[in-house]
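Undergrad: Before I ask anything, here is the structure I am working with.
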Amino acid sequence: DGEVYKYYCEGEWKKSASGKSVAIINPTTRKTQYKVQACTQEEVNKVMEIAKAAQKSWAKTPLWKRAELLHKAAAILKEHKAPIAECLVKEIAKPAKDAVTEVVRSGDLVSYTAEEGVRILGEGKFLVSDSFPGNERTKYCLTSKIPLGVILAIPPFNYPVNLAVSKIAPALIAGNSLVLKPPTQGAVAALHMVHCFHLAGFPKGLISCVTGKGSEIGDFLTMHPGVNCISFTGGDTGVAISKKAGMVPLQMELGGKDACIVLEDADLDLAAGNIVKGGFSYSGQRCTAVKVVLVMESVADILVEKVNAKVAKLTVGPPEDNCDITPVVSESSANFIEGLVMDAKEKDATFCQPYKREGNLIWPLLLDNVRPDMRIAWEEPFGPVLPVIRINSVEEGIHHCNASNFGLQGCVFTKDINKAILISDAMETGTVQINSAPARGPDHFPFQGIKDSGIGSQGITNSINMMTKVKTTVINLP
Ligand code: G3P
C-alpha cells in the first residue's frame, strides 16, 4: 500500500525529495491503485541538465548502434507485454486484450522506427551552385539531418505506452535525448516501458521519466529553457502549451470530432460495423473515434437500426473481463459525458438506449436526431456516446464537418469512388478514410490534425524528420 513507484533519472530509479506522491485511481474500483513520485522543479532541472549532457555523446553514437539498441528495447518491451498490459488494465481500464495489443504495437513501432531511421537519416543531399542564375559551379553544398537536442514527450492517458514510444523512438534514432512526462493515469505502465529501455542498455541520462502534478511541474517542463522540442498528445492543455512554449518546434495532437458521412449508396452493413468499432472501441476514448455520424435521411432509419443491433451486442463491464465497454478514465470525465447527454435530452434527441451509468461505467448510447444546437453535435465526449445527425445533402454533411473547430480525421461511406475523393478533398481534416473508420495506424502512415486538432504531422517517418534540423556545409572552390 505504501509503495511509491520511483521516477527515472540518470539511469537510476529515484525517490523524489518532495516526499510526496500522486495517487493513480483505478477507474473500475475508484480506489487508489498505485502511487508515483511527485517530482519537484529542482528534480526537473537536474533531469534537463543530464539530458543535455547525454545528448551530446549520443549524437556521436553511430546510427546503426542507436538502431541496434532500439531493436533490443523493442524485443524487451514485447517480452514484458503481460505485466505492462496489466498496468494498463488497472490504471486506465483498457480491456485486457487491447492492452496487450497496445504493447505489442509499441514494440513493432520501435523496431520500424529503427529501420526507417537508418534509411532516412543515412542519406543527405549534395547540391551544386550553378543551377541558380548568376552562379558558377564554385560551391558544393552538403546537407544532413542532425538532432534537435532534448525532446520533451507528453503522451495522454489513452495510450500511455504507445503514444510515448511514438515520440521516444524517433527522438532517439535521430540522436536526441528524451524527457518523458507520462499521464498520471498510465504512469506506472509508462515507467515499466521505460524500464525496458533501461534494460536494453541505453546510456545514462539519455532517457528520463519524471512524474508528478501538472500544477507543480507541467508549465515548468514545457517552458523549460533546456527543452528543444515538445511532442504532446492530449486535450486542451496543448493549446495552452503552444501559447507558452518558447521558440521550439511543436508536434501536437489535440483530439478531434471525427465525422462519419454515410451516403445513400453506402454498404450499410460495412458502415454500421465501422461506426460501432470506430465509435465505441476503448469506450470512445480515442482522438480518432467516430464522434458524429452524418447520414443521408433516406438511409438513416436502416443504418440506425443496424448500428443499434450491434450496440446491443457490446459487452459492458470490467476491463479484466475483456468487456467492450469499460469504465471511463475518471469520475470527472464521466460527469462531463453525462452533462452532454443531459443537454441532448433536454433538447429532445432520440435515445436509442436508456442512459445508464454506474460509477465511471457508462453504457453505450446512440443518440439519433441530434441537431446543431446540441452540445454533443460539436463537443468530444471521449466516452461511449455517439450522436447521429440526419442530413439531406452531402454538402450539409461536409458543412457540419468543416464548421467544427477540430480537423483530425473523417470518413465517408459510399461505393462511388469519384464522390468519395471529392468529399475527401472537401473535408478540412488531416486524413479522410474511405469506407473505414478513422484510425491513426498503420503507424508509418502520416497522422496529423488541422485547426484545433494539432500542429505538424506524426507517423514514424514524419516524426523522425520533425525531430531533426537540417545542417549544411558549403565547400567554396577557388
Ligand atoms: O487518441 C489517440 C490517437 O492517436 C488514436 O490512435 O490508433 O486509436 O487511431 P488510434
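Residue-wise test of (1) within 13 Å of the ligand (Cβ to nearest atom); (2) more than 27 Å from residue 337 (Cβ to Cβ).
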{"position": "388", "(1), (2)": "no, no"}
{"position": "400", "(1), (2)": "no, no"}
{"position": "409", "(1), (2)": "yes, no"}
{"position": "416", "(1), (2)": "no, yes"}
{"position": "427", "(1), (2)": "no, no"}
{"position": "432", "(1), (2)": "no, no"}
{"position": "449", "(1), (2)": "yes, no"}
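Undergrad: While we're here: Residues of region 246-274 being part of a helix (DSSP H, G or I) and open to solvent by 50 Å² or more (accessible area, probe 1.4 Å), which ones? Steps first, please.
TA: Step one: of region 246-274, the residues part of a helix (DSSP H, G or I) are 268-274.
Listed by number, the residues that qualify are 269, 270.
Undergrad: Right, next: Suppose the filter is within 16 Å of the chain's Cα centre (by Cα), surrounded by fewer than 20 Cβ atoms within 10 Å (Cβ to Cβ) and modelled with pLDDT under 95; does residue 235 pass it? Outline the logic, then answer.
TA: Values: within 16 Å of the chain's Cα centre (by Cα): yes; surrounded by fewer than 20 Cβ atoms within 10 Å (Cβ to Cβ): yes; modelled with pLDDT under 95: yes.
Considered against the rule, which asks whether it is within 16 Å of the chain's Cα centre (by Cα), surrounded by fewer than 20 Cβ atoms within 10 Å (Cβ to Cβ) and modelled with pLDDT under 95, residue 235 comes out as yes.
Undergrad: Quick one: count up the residues across region 155-171 that are more than 7 Å from the ligand (Cβ to nearest atom) and more than 14 Å from residue 209 (Cα to Cα). Explain how you work it out, then say what you get.
TA: Going residue by residue through region 155-171, those that are more than 7 Å from the ligand (Cβ to nearest atom) are 155, 157, 160-162, 164-171.
Now restrict to residues that are more than 14 Å from residue 209 (Cα to Cα): 157, 162, 166, 169-171.
The number of residues fulfilling the criteria is 6.
Undergrad: While we're looking at this one, here's another question. Any residue at all in region 343-360 that's buried (at least 23 other Cβ atoms within 10 Å of the Cβ), touching a residue at least 60 places away in the same chain (Cβ under 8 Å), in a strand (DSSP E or B) and not basic (Lys, Arg)?
TA: No, there is no match, as no residue in region 343-360 is buried (at least 23 other Cβ atoms within 10 Å of the Cβ), touching a residue at least 60 places away in the same chain (Cβ under 8 Å), in a strand (DSSP E or B) and not basic (Lys, Arg).
Undergrad: Could you tell me which of the residues 167, 243 is of a type in the set (Lys, Arg) and either more than 18 Å from the chain's Cα centre (by Cα) or assigned to a loop (DSSP other than H, G, I, E, B) (or both)?
TA: On the way: 167 fails: either more than 18 Å from the chain's Cα centre (by Cα) or assigned to a loop (DSSP other than H, G, I, E, B) (or both).
Going through 167, 243 in turn, the sole match is 243.
Undergrad: Run down 421, 417, 450, 475 and say which single residue is touching a residue at least 60 places away in the same chain (Cβ under 8 Å) and among the β-branched types (Val, Ile, Thr). Break it down into steps so the answer makes sense when it comes.
TA: Details: 421 fails: touching a residue at least 60 places away in the same chain (Cβ under 8 Å); 417 fails: touching a residue at least 60 places away in the same chain (Cβ under 8 Å); 450 fails: touching a residue at least 60 places away in the same chain (Cβ under 8 Å).
Every option except 475 fails the conditions.
Undergrad: Ok, one more. Restricting the first residue to region 149-163 and requiring it to be under 13 Å from residue 238 (Cβ atoms), which pairs with a second residue that is more than 9 Å from the ligand (Cβ to nearest atom) and aromatic (Phe, Trp, Tyr) meet a Cβ separation below 7 Å and a spacing of at least six or different chains?
TA: 154/232
Undergrad: Just the residues that are open to solvent by 20 Å² or more (accessible area, probe 1.4 Å), within 23 Å of residue 102 (Cβ to Cβ) and more than 9 Å from the ligand (Cβ to nearest atom), please, taken from region 275-303.
TA: Listed by number, the list holds a single entry, 277.
Undergrad: Could you list, ordered by first residue, the pairs with Cβ atoms under 6 Å in which the first is in region 286-302 and without any contact (Cβ under 8 Å) to a residue 40 or more places away in the chain and the second is open to solvent by 30 Å² or more (accessible area, probe 1.4 Å), at least 6 apart or interchain?
TA: Final answer for the pair search is 298/264; 299/264.
Undergrad: Right, here's the next one. What residue, of 143, 184, is touching a residue at least 40 places away in the same chain (Cβ under 8 Å), closer than 21 Å to residue 237 by Cα and more than 16 Å from the ligand (Cβ to nearest atom)?
TA: On the way: 143 fails: closer than 21 Å to residue 237 by Cα.
One residue alone meets the criteria, 184.
Undergrad: Quickly run through region 411-438 and pick out the residues that are among the small types (Gly, Ala, Ser) and open to solvent by less than 30 Å² (accessible area, probe 1.4 Å). Give the steps one after another, and end with the answer.
TA: So in region 411-438, the residues among the small types (Gly, Ala, Ser) come out as 420, 424, 426, 430, 436-437.
If the condition is that a residue be among the small types (Gly, Ala, Ser) and open to solvent by less than 30 Å² (accessible area, probe 1.4 Å), then 420, 430, 437 are the ones that fit.
The values are calculated or read from the model by the stated rules, or taken from the named source; none is laboratory data. Note that this is a predicted model, so its numbers are computed, not measured. Every residue, glycine among them, receives a Cβ derived from its backbone with ideal geometry; neighbour counts consider all protein chains shown. These area figures cover heavy atoms from the full protein model, side chains too; ligands, DNA and RNA do not enter into them. Shrake-Rupley method; radii C 1.70, N 1.55, O 1.52, S 1.80 Å.
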